[in-house]
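The next block holds one structure in the form of structure tokens; read it before the comments.
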Amino acid sequence: MGISEYQLINKVLDTKNYNIVLDNYITSEDFDQASKEFAYIDAFYKEYKCVPDKETFTSKFPDFEYFTVEQSDVSIVDDIKEKTLFKRAVRIINKSSEIFTRDANDGAKYLLNHIDELRPQCRFSCTDVIAHADEQYKAYEKRVNNQDNEYVDMPFKEIQEDMFGFKRGEELFLFVAKSSTGKSQILSCCIGCAMNQGLRVGVISPEMSKEALFMRIASYDEHFDNMALQKGLPVKGYREYTERLVNSGNHVFIADRRSFDGKDITMGAVKEFIEKMKLDILFVDGIKYVRPSCDTRGMSEAKVLGEVCADLLNFSELYQIPVVGVAQARRRSNENKGDGDNTLDSESVYDSYQITQNCSRMITMWKKGNALNFHIAKNRYGIDGKTYVYTYDYNRMYFNYIPQLEDLCNTEEQKAEIEETKENFKNVF
């Protein structure tokens, strides 16, 4: 029985979405058992640009059996295309065999002329966005009416204003910095900010225990003295804070090294974590600890890290959640070994340019004096190349924005004056 044919028809009727057919080049050739049903839906869509409702469909096919389809679109399409290839192969091979019995040359010519029809079909789909322009507008309307649900807020107001936050879906957002810059502290702030938005927050923390990470989140949330918490010194208000959290309804699920029995963190484990905890956002404190879904034998570490980023970005799109992680920066060959004056760019990621290719947005971080610099090194969705400077206190998680001269310029004339000043005093800037 062609179960995949009935699965596809049920899915189309249930979702009233015909994209699975259009985007995967499904045709009447792909149907045997449900050929009449598919032909009716296909003709209906071509005439009315919509899928018939179940009542209309039932009036034509009263014996059709409806059922819930749990299988993915990709799996259904793969089954249908494999069956189509088998039918085509049987037809061509049988026909060529018949000709071979009469004339071997003619049989060989027939087989060679049809050999391209027997090539295994690659998994490929695309969308004609012009044909689906109405759906694009509906998606835009949804964003207009649900602006608060498009992004997850981040804890730095000035960066938030320019980047809108962490995007729900198609988002692998990376913080990149050298060792001892404070990547994990910044990630802890982002975790606490997401927690306070009432989201189901997931954290993969290979280096830091859940106890240590919780204390950092608490320091962000209430500016508790983190060193005092770690040493076990009295901290005023900490007891009341933990009691309040228990009754808050917030959720932060932390999977530390113990959660994985000290073994590699596989993409299968990450996928299960997202699904089981029904996460709204995932944080990964060190993407180098995660292993990709593909076979890594013979792969360079650079390639492995690139594959990890590709998998995480796919998870973001699949589950429509932001994935936020940290990555290690390397020293550029042309960089002075001074106090970190050089701005880290998208080529500063340790051991893998593929990381920068597969992430959607990237902020590089570096310290200079008593200030912490954030630089938008990559942004698929808007502004990039901008730097933000904050004074910081990692112990109590205080951050104060320092406006740059450019922020104070309101006219083109003022901006030109600033550029001239910077040119004349390069050693100051």
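Laboratory data are not the source of any read-out in this text; all were calculated from the coordinates shown. Given the structure is predicted, the values throughout are model-derived calculations rather than measurements. Heads up, the Cβs are rebuilt from the backbone with ideal geometry, glycines too, and the neighbour counts pull from every protein chain shown.
Laid out as a table, the results:
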{"item": "Residue-by-residue Karplus 3J(HN,Hα) for segment 238-255, coefficients 6.51, -1.76, 1.60, Hz, glycine and proline x", "result": "5, 4, 4, 5, 5, 5, 5, 4, 4, 9, 7, x, 7, 9, 10, 9, 10, 10"}
{"item": "By average C-beta atoms within 10 angstrom, highest first, the peptides 83-90, 303-310", "result": "303-310, 83-90"}
{"item": "Principal-axis tilt of helix 35-48 within the chain, Cα atoms, nearest 10 degrees", "result": "60"}
{"item": "Segment 1-42: trypsin sites (Lys or Arg not before Pro) in DSSP coil with no more than 13 other Cβ atoms inside 10 Å", "result": "Lys16"}
{"item": "Percent of Cα pairs exceeding the 27 Å cut-off, where the set is segment 3-135", "result": "33"}
{"item": "Largest-first ellipsoid semi-axes for segment 54-99, taking √(5λ) over the Cα gyration tensor eigenvalues, angstrom", "result": "33, 17, 7"}
{"item": "Structure-based [θ]222 nm, the chain - -39500 (n - 2.57) summed over DSSP H runs of at least 4, per residue, nearest 500", "result": "-13500 deg cm²/dmol"}
{"item": "C-alpha long axis of helix 210-222 to longest principal axis of the chain, angle in °", "result": "60"}
{"item": "5 angstrom amide H check on Val326, placed H, neighbours 5+ away", "result": "Phe175, Val284, Gly286, Ile287"}
{"item": "Residues whose placed amide H lies under 5 Å from that of Trp366, excluding near-sequence neighbours", "result": "Asn373"}
{"item": "nm² value of the averaged projected area, convex hull over the Cα atoms of the chain", "result": "32.0"}
{"item": "Principal-axis tilt of helix 104-113 within the chain, Cα atoms, nearest 10 degrees", "result": "40"}
